[in-house]
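Reviewing the structure listed below.
The values are calculated or read from the model by the stated rules, or taken from the named source; none is laboratory data. These numbers were taken from a predicted model, which means no experiment stands behind them. Positions of Cβ are backbone-derived with ideal geometry, glycine not excepted, and every protein chain shown enters the neighbour counts. Remember, those area values only see protein heavy atoms, side chains included, never the ligands or the DNA or RNA. Shrake-Rupley method; radii C 1.70, N 1.55, O 1.52, S 1.80 Å.
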Amino acid sequence: MTTDNGGGVGGGCEPELSDSLKTFGAVLKALREEAGLTQEQFAPLVRYSPAYIAKIEQGKRFPPKELLKRSDEVLGAVAARVLGAAAKSLTRKAGPASWFRQWAGIEEEAISLYAYECRAVPGLLQPEPYIRAVFDRRLPPVTEEQLDREVAARLDRQQIIIQRPNTAFSFVIEQAVLERSLGGSEVTKAVVSHLLTMGRLRNVEIQLMPLRQEDHCGVDGHMYLAETPDHRWLGYTEGQRSSNLISAPKDVSVLLQRYGKLRSQAHDCRATVSLLEQMRGAL
């Protein structure tokens, strides 16, 4: 199984499609078309974006529970029961790849997205040279075709920052991630320039955590947090070839407390811009 490393860092940007997800997507598409609805017509009725519905129908996203409930209102009770039956095979196979697909769907619909990274630049902020450097060093090695597919998929996912200008994106990144110079100085320069460009967007805040920080509450590792349209918060973490979606309120509360503290411990946005400009000048 490959994952996207929290939004993501290193693994496969789009896990291989499972038969159960493709089957669910085909069933949803057939029921939608039977009702005489296009994706553009169906999506607002179930309160999701057309692009998100398209990815569910392609088997690229784990369908949220709310979709099943809302489909009852739009497609009818019989269609909802058919979808429910198709969804049962998904819940039985909810492994790490399924967790990522579910997180990716949450990410696409979120009204707030927070990320703390101590491993690499968050996937949503990686320029193409950096993405290639990450996957070029992946073990076991990938083919050129696989690398191109991973790069294209990650660049496609990054479009949510532009497509969702009302979503608030916040990133706290360890300065050490940039100092590592993954891929060499030219790749690092591309990353720094890209961070400066993305940080100028109204809906994006980027903060670097100093190399020396005695009061650091991120020692338990990276974290990703998302606020859903109905104002619930969810968390996501990853390890070696594994991932974890966190939904228990008490656990998510812990992550939110830690993230808030990390933001206060990191350089503010203006100081981050100054530091990035210094780093780019030194490369």
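Checking every one of the trypsin sites (Lys or Arg not before Pro) in the range 204-283 against DSSP loop status and a limit of 11 other Cβ atoms within 10 Å picks out ARG212, ARG241.
Classify the range 203-244: rounded, prolate or oblate, from the alpha-carbon gyration tensor (a ≥ b ≥ c, eigenvalue square roots; a/c under 1.5 rounded; otherwise prolate if a/b is larger than b/c)? Since a/c reaches 1.5 but b/c is at least a/b, the shape of the range 203-244 is classed as oblate. Helix 19-34 and the longest principal axis of the C-alpha atoms of the chain enclose an angle of approximately 60°.
Counting heavy atoms of the protein chains only and a 1.4 Å probe, report the per residue accessible area for the range 189-283 as a whole number of Å².
57 Å²
Annotation: per residue accessible area for the range 34-179 equals 45 Å², rounded to a whole number [probe 1.4 Å, protein chains only]. Rounded to the nearest 20 debye, the dipole size of the range 59-213 about its Cα centre is 500 debye, using +1 on the Cβ of Lys and Arg and -1 on the Cβ of Asp and Glu.
Between (1) 58, 45, 37; (2) 63, 42, 31; (3) 64, 51, 34, which entry matches Cα extents along the principal axes in Å as derived from the coordinates of this structure? Checked against the structure: label (2).
In this Cβ point-charge picture (+1 for Lys and Arg, -1 for Asp and Glu), the chain has a dipole of about 420 debye about its Cα centre. All Cα-Cα distances of the range 131-283, cut into 5 Å bins from zero to the largest, leave 1, 8, 14, 17, 21, 20, 13, 5, 1, 0 percent in each bin in turn. Where the accessible area of the chain is counted over protein heavy atoms with a 1.4 Å probe, how much of it, in %, is carbon and sulfur? Roughly 52 percent, rounded to a whole number.
Only aspartates and glutamates eight or more places from LYS29 in sequence, or on another chain, were considered; those with a Cα closer than 14 Å are GLU40, GLU57. Just from its helices, what would the mean residue ellipticity at 222 nm be for the chain, if runs of 4 or more DSSP H residues each count -39500 (n - 2.57) and the sum is divided by every residue, rounded to the nearest 500 deg cm²/dmol? After summing the helix terms and dividing by residue count, I get -16000 deg cm²/dmol. Largest mean-square fluctuation among GLU174, GLU238, GLU40, in a Gaussian network model of the chain whose springs join Cα atoms under 10 Å apart, belongs to GLU40.
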